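The values are calculated or read from the model by the stated rules, or taken from the named source; none is laboratory data. Please read all numbers here as calculations on a predicted model, not as lab measurements. As a convention, Cβ positions derive from the backbone with ideal geometry for all residues, glycine included, and neighbour counts pool all protein chains shown.
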Amino acid sequence: MLNRYFEIKDRCRKGLIKYLSDALKIIPAMEKPEIMDIGCGTGVTTLWLAENFDGRITAIDSDIKPLKWLQEKVKVQNLEDRIITINKSFFDFKFADESYDLIVAEGFLNIVGFQKGFPKIIRLLGTSRFFVIHDEYKDQRSKCGLIAKHNCKICDSFMLDEHVWWKDYYKQLEEEIYSPENKNLADFFKSDMHEIESYRVNPTLFRSIYYIIQKI
């Protein structure tokens, strides 16, 4: 049943992948880049990166359950030579400085804190390379100040408002939750139902922002 739950979440999550695609459009072509997907979860972003870039991807997440689901998909798609999965906290794993050409963090800094996570991630990025962040929409001034402090520039940014989140994610997720064929997954959907209820109480809390950052 857990895999069925992950399948549903993946299908809903794909409604937002077009915005990651938009964020990456301004990044110049790179030949076989080294890519990191931090907080990869079930790997919707990871697999999209594998489809659209010809490099190797390191996908890291501290939660083994979604990571195992990603590993199954990697095996089915014969991507073991291109996607490396790591089950560990990002803060506990040792990576070489300036070893990545592209780093993607979809929601990771929202969980660990921008001030804590950004400095540790940016040291892994090579000079003139790119970091794409999808984060909650708040404290923009302090975040922009921290980005500049670490010798980075914001090449572009754009917001996903609460209407985008409903139209492209929560609406479909709610339909899946209350579909008769998914009634045996009710326990798995508890946190999702809480999110949807929180959305209805205050939709503006669900605004988010993409930053496309270059290390200079």
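Of the set (1) out of contact with any helix residue (DSSP H, G or I) (no Cβ under 7 Å at 6 or more places or on another chain); (2) under 25 Å from residue 67 (Cβ atoms); (3) part of a strand (DSSP E or B); (4) not acidic (Asp, Glu), all apply to residue 155 but (2). Of the residues making up the stretch 129-152, not one is more than 19 Å from the chain's Cα centre (by Cα), under 20 Å from residue 202 (Cα atoms) and in a strand (DSSP E or B). The condition of being of a type outside the set (Val, Ile, Thr), exposed (fewer than 15 other Cβ atoms within 10 Å of the Cβ), at pLDDT below 95 and assigned to a helix (DSSP H, G or I) holds for only one of 167, 183, 171, that being 183. Name the single residue that is nearest to residue 78 (Cα to Cα) among those in the stretch 19-46 being out of contact with any Gly (no Cβ under 7 Å at 6 or more places or on another chain) and among the acidic types (Asp, Glu). Taking the candidates together, the pick is 37. Tallying residues that are among the aromatic types (Phe, Trp, Tyr) and within 12 Å of residue 103 (Cβ to Cβ) within the stretch 125-141 yields 2.
Considering the stretch 169-202, the residues that are within 24 Å of residue 20 (Cα to Cα) and hydrophobic (A, V, I, L, M, F, W, C) include one that is nearest to the chain's Cα centre (by Cα), namely 173. For the stretch 141-193, the set of residues classified as touching a residue at least 24 places away in the same chain (Cβ under 8 Å) and closer than 17 Å to residue 130 by Cα consists of 143, 146, 147, 150, 151, 152, 153, 154, 155, 156, 157, 158, listed by residue number.
With the requirement that a residue be more than 14 Å from the chain's Cα centre (by Cα), among the hydrophobic types (A, V, I, L, M, F, W, C) and either exposed (fewer than 14 other Cβ atoms within 10 Å of the Cβ) or more than 25 Å from residue 208 (Cα to Cα) (or both), what does the stretch 61-120 give you? Answer for the stretch 61-120, where residues must be more than 14 Å from the chain's Cα centre (by Cα), among the hydrophobic types (A, V, I, L, M, F, W, C) and either exposed (fewer than 14 other Cβ atoms within 10 Å of the Cβ) or more than 25 Å from residue 208 (Cα to Cα) (or both): 64, 69, 74, 76, 79, 83, 84, 86, 91, 93, 95, 96. Go through the stretch 155-186 residue by residue and tally those that are of a type in the set (A, V, I, L, M) and in contact with a strand residue (DSSP E or B) (Cβ under 6 Å, 6 or more places away or on another chain). Of the residues in the stretch 155-186, 2 are of a type in the set (A, V, I, L, M) and in contact with a strand residue (DSSP E or B) (Cβ under 6 Å, 6 or more places away or on another chain). Residue 23 meets the stated requirement of being closer than 15 Å to residue 168 by Cβ, in contact with a strand residue (DSSP E or B) (Cβ under 8 Å, 6 or more places away or on another chain), in contact (Cβ under 8 Å) with a residue 24 or more places away in the chain and buried (at least 20 other Cβ atoms within 10 Å of the Cβ). Would you mind stating whether residue 94 is part of a loop (DSSP other than H, G, I, E, B) and free of Cβ contacts under 8 Å to residues at least 24 places away in the same chain? Yes: the conditions hold for residue 94. Hey, any hits in the stretch 28-36 for a residue that's modelled with pLDDT under 95, of a type in the set (A, V, I, L, M) and not in a strand (DSSP E or B)? Yes, that holds for at least one residue. Which residues, taken from the stretch 181-213, are over 24 Å from residue 108 (Cβ atoms) and out of contact with any helix residue (DSSP H, G or I) (no Cβ under 7 Å at 6 or more places or on another chain)? Within the stretch 181-213, 181, 183, 184, 186, 187, 197, 200, 201 meet the criteria.
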